[in-house]
Amino acid sequence: MLESLKEEVLQANLELPKKGLVTYTWGNVSGIDRSKGLIVIKPSGVPYDEMTINDLVVIDLKGNIVEGHLNPSSDAPTHVVLYDKFPDICGVVHNHSSWATTWAQAGRRIPALGTTHADYFYGYIPVTREMNSDEIQGQYEEQTGKVIVETFKEYNPMDMPGVIVRNHGPFTWGKNASEAVHNAVVLEEIAKMAYHAYQLTPGLEPISDVLLDKHFFRKHGKDAYYGQK
Ligand SMILES: O=C(CO)[C@@H](O)[C@H](O)COP(=O)(O)O
């Protein structure tokens, strides 16, 4: 069942260490078959260099295990919320890549300081609010998804394909698992460049709306929905 999606999700997971986005078993990638309402996700705690297609776990949109002999990623509830509330996405990535996680630990949104950013993210990459103790002590991973959705009231997820979860790390998404990984790689590079740009020029302002529009529109077209800049 879902053999081609499983292969795509396996390759997307194996791309994370190849691109230097994960250490040990940190991070996870999933993909969804919207016609079946089934998600294929990385198993929890399995080293990437030992992972096989048979280790992947299939869950439904309530988080129930439909197929698989291992537990799904501990972040599966977050993936489920995002698929439920962002109907156009079909791939989700979570990781603890160093530069993006630095911004998460600092509780900072990432400003658009250059055209690389503008090609992928229309304006600031948002950071979620701090979660309260009840949210943390409760269904933490599910609440993480809900706080991301709350942050995206003003955004179309397809035109802002990532978020910085405060004190945790980045989540990215896309039209499939492979695009979600691509966006994770870009977000990490943007986070690194923005950090260094601020070192060179403290108090740097974001790029002009004209330059942001030029690059984002060129890549995404005029009809893209735009949230906060
Ligand atoms: O965010 C976290 C832990 O903070 C997770 O991404 C783990 O780093 C990986 O968990 P599994 O996917 O192996 O359950």
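The values are calculated or read from the model by the stated rules, or taken from the named source; none is laboratory data. None of these values were measured; they are calculated from a predicted model. When we count neighbours, we look across all protein chains shown, and the Cβ atoms used for this are built from the backbone with ideal geometry, even at glycine. Heavy atoms of the whole protein, side chains included, go into the accessibility calculation; ligands, DNA and RNA do not. Shrake-Rupley method; radii C 1.70, N 1.55, O 1.52, S 1.80 Å.
Points worth noting:
- Highest mobility in the GNM of the chain, judged by mean-square fluctuation with C-alpha springs under 10 Å and restricted to P202, P47, P161, is found for P202.
- The chain - accessible surface per residue (Å², probe 1.4 Å): 47
- Charges were assigned to the Cβ only: +1 to each Lys and Arg, -1 to each Asp and Glu. The resulting dipole of segment 32-142 about its Cα centre is roughly 360 debye.
- Counting only protein heavy atoms and a probe of 1.4 Å, the accessible surface of the chain is 50% carbon and sulfur.
- The angle between the Cα long axis of helix 177-200 and the longest principal axis of the Cα atoms of the chain comes to about 40 degrees, rounded to the nearest 10.
- For I110, the amide hydrogen comes within under 5 Å of the amide hydrogens of I125, counting only partners 5 or more places away or on other chains and with H modelled in the peptide plane.
- Bins of 10 Å, starting at 0 and running to the largest distance - Cα pair percent for the chain: 8, 34, 36, 17, 3, 0
- Candidate aspartates and glutamates for bridging to K62, where Cα separation is under 20 Å - those fewer than 8 sequence places away on the same chain excluded: D33, D75, D84, D88, E135, E141, E142, E150
- By the rule of a C-alpha distance below 16 Å, with chain neighbours fewer than 8 residues away ignored, the aspartates and glutamates paired with K219 are D119, D159, E179, D209.
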